[in-house]
Structure formats: C-alpha cells, structure tokens
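The values are calculated or read from the model by the stated rules, or taken from the named source; none is laboratory data. Please read all numbers here as calculations on a predicted model, not as lab measurements. So basically every Cβ, Gly included, is an ideal-geometry build from the backbone, and we count neighbours across all protein chains shown. Surface accessibility is based on the protein's heavy atoms, side chains included, excluding ligands, DNA and RNA. Shrake-Rupley method; radii C 1.70, N 1.55, O 1.52, S 1.80 Å.
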Amino acid sequence: MAGGRRRGGSGRCGRPRQQPGTREPAPSPVPRSPAAAMAQQCAGTATRTSRPKKPVKEPAVTAPDVDSLGFQAMDHNVPGLSHVILQKLNMKSYEDYKSAMDGRKSGSDFGIRTYFDMFQKMEDTFKFCAECKKLPDALPDPKSLRRCKRCQNVYYCGVVCQRANWPLHKKFCKKLKLVALDRLVEWLIFTGDIPFPTDTWTKPARDVEGWEDWFSMQGQLEEKLGAILSGRYMTILWANAGKPRPEDRELCESVRRLVTDFHSRPLTIGLGLRLFGINPLTKALTVHVVGASHVETLNTRLTDYDELTRMFPGHWGMEVVMIGVDVVNGPIMRPPLAKPAPRGRVYLSSYKGLYHDFWESHVETKLAARPDLVVGFHPGFHACPDLLAGWLPTLLLLRDYRLPALFTVYSEQELKSSLQILVELEMHIMGYATNPFASLRPEQVYSSPNKAPVYCSSYYITLLGPATSAVPGAEELEDGDDWQGEEPSAAGSIAPVLG
C-alpha cells in the first residue's frame with residue numbers, strides 16, 4: 001500500500017483484493033489467482049534454467065498484510081482452500097507463498113517439471129463444489145467433481161448440487177466461460193507473446209475515447225493476432241491445458257481482452273495527465289504509483305509502460321516510480337531519478353516502502369522529483385479499518401501537499417464506499433467516472449465464482465488538495481441507490497464498462 005497496503009491483484013500477481021461488502025477477495029489484475037503465480041514464475045519451465053538469486057534485504061516496514069487477509073477470506077467461503085493452493089504450489093506455509101510473490105522462488109521451487117503439470121496444478125486450485133463448497137478430499141471419491149460443460153470453470157460434486165446451483169449459476173455461466181479462457185491465455189503475457197507490438201497513435205490523445213478507437217489505430221491488427229494464435233506457445237498451451245482448443249474467433253477475443261488488461265494501467269495514467277491538463281509535450285514528468293505491489297511489479301519489464309510514448313509522441317520524458325511495501329525485486333528495482341527522465345522515454349523505477357517514508361527520504365531531500373501526478377490502482381482503503389489506517393498517512397499527504405491524484409476502483413459499489421471516505425477526509429474530489437481504458441477482462445471472485453465478474457480500473461476518482469465543500473450528494477450515496485457518477489468533460493463520451 002502507499003501508507004500501508006491494500007488490493008486485494010492480478011501488483012502483477014495473484015494476490016487477493018477485498019471487495020466492499022464481502023469478506024471474499026476480489027480478483028487481482030495479472031494474474032488473478034494465487035495459483036497463476038506458477039504461470040508467471042514458470043513461463044519458461046521447459047526451456048529455461050534459473051540462476052540462483054542473491055537474497056534481497058527486506059526493509060523493516062509495518063503495514064497490513066493483504067495477502068494474509070486474502071487467504072483468510074478464501075477459507076471463510078471454502079474451508080481449507082488456502083491449504084490446497086499452498087499444496088499445489090509445493091509450499092508448506094503462507095511464508096513460502098509470500099516468498100514466491102516477492103520473486104524469491106524459481107520455477108523449480110514449485111515442483112513443476114512439465115507444462116502439463118503447471119496447467120493441471122493451476123486448475124486443481126479451482127476444484128471445489130460451487131454449491132456445497134466441499135473440496136475433493138472431503139468427498140467419498142475425490143475424483144467425483146465434474147466441471148460445468150458450458151463455462152468450463154466451476155465444479156460440482158454431483159447432480160444434486162449442480163441442479164440446486166443452476167438458478168444462480170445460469171446468470172453468470174457465459175461470463176465465467178470467458179474468465180476461464182482468459183485465465184489460460186494469460187500465460188502468453190508471461191511468455192512475451194502478449195501484447196503484440198503497437199503503433200504510435202495516429203489521433204491526438206484527447207480524441208481516443210476508448211478501446212475501440214485504440215484498436216482502430218493498430219496497423220495489421222489481424223496479422224498480429226494471427227501470429228499469436230499460430231505461435232509456439234499457443235500450441236503448447238492447448239496441448240497441455242486439458243481442455244479442447246477453442247475456435248480462433250474466441251481466442252482472438254481473449255487476446256484482445258488481455259491486451260486491454262496489459263495496457264490499462266499506462267493508458268489510465270495518460271488519462272490522468274489529460275484530466276489534470278498536464279502536458280507531456282512541454283516538460284519532463286514524474287508519476288508516482290502509490291500502493292504498488294506484486295500486481296504492478298512482479299515480472300514487470302522496463303518497456304511495459306512504453307505505450308505512454310505512443311500516446312504522447314515527442315514527449316519530454318516520463319518517469320513512473322512504483323512505491324509500496326510489496327514492490328518485487330526485478331528490472332525496475334532501481335533508484336528514482338533526481339533529474340528529469342530522458343527525453344522521449346518512459347523510465348520505470350521503484351521504492352520498496354511506505355509512501356510517506358519515501359516522501360521524507362527522497363522527495364524532500366531532492367533525491368527524487370516531486371510528482372506531477374500520483375496514481376493508485378485499486379487502493380482498497382474502503383475494505384477494512386486496518387487498510388484505511390495504513391493508507392491514512394498517504395491520503396493526508398496527498399491532500400495537504402495538493403498533489404494531483406487519481407485512484408481506480410473495481411465497481412460502482414466500491415466507488416461509492418471510497419467517495420464517502422474521501423469526503424470524510426475533506427479531500428477535494430475533482431470528479432469521478434467510468435474509465436474509458438478499464439480492462440475488458442472479466443474477473444471472478446476466487447472462492448465464490450457465482451457473482452457478477454468485475455473489471456480492473458472500471459472507475460476512476462480524481463483528487464486535488466483539501467475540499468472547499470463536500471461533493472454534492474456524495475454523503476447520501478447508498479448501495480441501493482440508482483446512482484451515476486459525474487463525468488468530467490475531459491473524459492469524453494464514456495460508455496459504462498460494467499453491465
């Protein structure tokens with residue numbers, strides 16, 4: 001987290017995020033499930049050998065452990081599920097899992113020797129009856145669980161449970177089919193097949209109103225998608241996934257959804273710059289990503305935010321600094337710049353620790369630049385008092401130093417809860433709206449799949465300094481209200497992402 005840590009994904013790994021109003025963790029952005037850590041760490045299981053890494057010295061940081069809270073939430077819905085996940089990952093304890101999320105375990109540490117092993121173990125972590133919540137070991141015949149033929153996602157211990165669950169499951173079956181497909185195809189992000197090479201934007205950023213416009217600017221799009229579908233790793237995937245290969249049309253749509261998921265964060269940063277009128281073509285910029293975790297930093301490459309260069313061709317240089325207690329050691333674990341970023345480049349750096357500590361040790365001492373924009377992806381401070389307490393120093397720092405800030409949330413319900421907290425903290429809320437660059441990848445609640453899927457960064461909130469007055473009507477928001485957020489004019493015509 002920033003002042004502590006939040007959200008529940010997907011940093012880039014399967015860490016649990018908490019949704020409002022439930023004890024069940026929402027899915028994390030890339031990957032969404034803890035088991036998908038195997039795909040991330042073992043993308044080259046059969047083709048690479050790993051070198052021993054030097055131990056990383058962990059800073060003494062006190063903050064709520066969201067991973068631990070997520071495991072507890074899983075067991076609340078499906079007793080024993082966290083133990084199954086650890087077992088399939090060849091881990092004895094939560095501490096082993098945390099070590100893996102920190103990048104201190106190689107593929108061989110998971111006990112995986114083949115691609116088939118990897119995909120089978122990933123699938124095994126989803127095997128529990130969606131109706132009675134029983135795990136395989138609790139059944140007379142552990143092999144009696146059967147998967148829904150329609151969605152290929154949820155399991156049942158028998159016909160009785162399947163029939164009892166159908167009135168609920170039929171509402172989400174089609175969407176859960178997409179979730180299950182994307183969960184497998186996501187592996188191609190870690191092999192490097194996704195995303196495909198992108199082109200410099202042919203329209204000004206202000207005229208690109210969403211993903212439809214973005215895809216229209218990608219030259220030879222069909223050829224790029226075709227190369228992914230015919231690639232070596234797509235073939236390996238379906239030879240080992242234990243499921244029939246879908247039609248090319250379905251695979252193309254899955255790749256497109258995952259491409260939006262990959263680029264959602266940098267393009268949301270670009271949206272924030274536009275909303276605040278910050279022009280990358282007139283000066284070098286610094287962006288702080290607060291609350292950065294595994295979701296944003298595990299296996300992150302130095303080029304992962306280069307879409308900002310294509311969004312703002314000719315920019316004067318941008319530095320994106322990932323700051324959080326769960327930042328993972330890797331290529332971007334390098335000190336922030338004290339001078340402007342190189343012209344025309346997006347420079348990624350990071351700091352493992354709390355944001356207010358970073359501010360005192362680096363920004364106030366001129367070891368790092370003061371940010372032009374601060375962004376928090378799914379901060380989750382609405383989820384529980386411990387997380388809000390951890391975030392409080394950061395929120396107050398953003399308010400008192402009048403730093404332009406943008407936060408994203410998963411859902412309208414989470415948006416309402418977050419707005420109420422921000423109003424109580426007397427922060428000036430500039431606006432809130434659906435995000436035109438929200439991920440189009442649907443994500444299920446891990447241990448309770450029969451709920452409406454959510455989408456990463458579905459909504460955004462913009463903040464600047466202390467409030468001169470509360471947002472009209474914000475204090476009256478209730479979960480049952482037929483409510484729609486305001487839409488800042490800079491966002492253009494934005495269609496809601498959630499259905």
Top-ranked residue of the stretch 296-311 - restricted to ones that are part of a loop (DSSP other than H, G, I, E, B) and open to solvent by 20 Å² or more (accessible area, probe 1.4 Å), ranked as farthest from V363 (Cα to Cα): N299
Kindly indicate which of S448, S457 is at pLDDT below 95, open to solvent by less than 30 Å² (accessible area, probe 1.4 Å) and assigned to a loop (DSSP other than H, G, I, E, B). S448
Given (1) at pLDDT 75 or above; (2) under 25 Å from L145 (Cα atoms); (3) open to solvent by 60 Å² or more (accessible area, probe 1.4 Å), identify the lone condition not met by Q72. (1)
Consider T462 carefully, then state whether it is farther than 30 Å from H76 by Cβ and either out of contact with any strand residue (DSSP E or B) (no Cβ under 6 Å at 6 or more places or on another chain) or open to solvent by 10 Å² or more (accessible area, probe 1.4 Å) (or both). no
Looking only at residues that are surrounded by 12 or more Cβ atoms within 10 Å (Cβ to Cβ) and among the charged types (D, E, K, R) in the stretch 200-215, which one is nearest to S458 (Cα to Cα)? E209
Considering each of A63, A100 in turn, give the residue that is under 26 Å from L387 (Cβ atoms), modelled with pLDDT under 70, within 23 Å of the chain's Cα centre (by Cα) and of a type in the set (G, A, S). A63
Would you check if there is a residue in the stretch 173-190 being part of a loop (DSSP other than H, G, I, E, B) and over 17 Å from L258 (Cβ atoms)? no
Taking the stretch 216-233 and keeping only residues that are open to solvent by 90 Å² or more (accessible area, probe 1.4 Å) and either farther than 14 Å from D248 by Cβ or of a type in the set (K, R) (or both), one is left with Q220, R232
Pairs, first among the small types (G, A, S) in the stretch 220-234, second modelled with pLDDT under 95 and open to solvent by 10 Å² or more (accessible area, probe 1.4 Å), C-beta under 9 Å, six or more apart: G231/T191
Going by the structure shown, is T286 of a type in the set (V, I, T) and open to solvent by less than 40 Å² (accessible area, probe 1.4 Å)? yes
For the stretch 403-420, check the following and say yes or no: at least one residue is hydrophobic (A, V, I, L, M, F, W, C) and either assigned to a loop (DSSP other than H, G, I, E, B) or closer than 17 Å to F358 by Cβ (or both). yes
Near pairs, Cβ below 7 angstrom, 6+ apart or cross-chain, from the stretch 243-257 (closer than 16 Å to G192 by Cα and at pLDDT 95 or above) to any residue that is open to solvent by less than 30 Å² (accessible area, probe 1.4 Å) and among the aliphatic types (A, V, I, L, M): S254/L181; S254/V185; V255/V185; V255/I194; V255/L225; V255/I228
Which members of the stretch 415-449 meet the condition of being under 14 Å from the mean Cα position of the chain (by Cα) and under 20 Å from R256 (Cα atoms)? F437, A438, S439, L440, R441, P442, E443, Q444
Would the stretch 149-165 turn up any residue that is outside any helix (DSSP H, G or I) and among the aliphatic types (A, V, I, L, M)? yes
Would you be able to say whether some residue in the stretch 374-397 is assigned to a strand (DSSP E or B), among the charged types (D, E, K, R) and more than 15 Å from T462 (Cα to Cα)? no
Flag for S411 being over 18 Å from M322 (Cβ atoms), at pLDDT 95 or above and hydroxyl-bearing (S, T, Y): no
For the stretch 312-325, how many residues meet the condition of being open to solvent by 10 Å² or more (accessible area, probe 1.4 Å) and either closer than 18 Å to G376 by Cβ or touching a strand residue (DSSP E or B) at 6+ places or on another chain (Cβ under 9 Å) (or both)? 3
Considering the stretch 354-373, residues that are of a type in the set (D, E) and part of a helix (DSSP H, G or I), and then whichever is farthest from E296 (Cα to Cα), we arrive at E360
Within the set of pairs 6+ apart or on separate chains, which have a first residue in the stretch 438-449 that is under 14 Å from T125 (Cβ atoms), a second that is assigned to a loop (DSSP other than H, G, I, E, B) and hydrophobic (A, V, I, L, M, F, W, C), and C-beta atoms under 7 Å apart? S447/V78; P449/A130; P449/V154
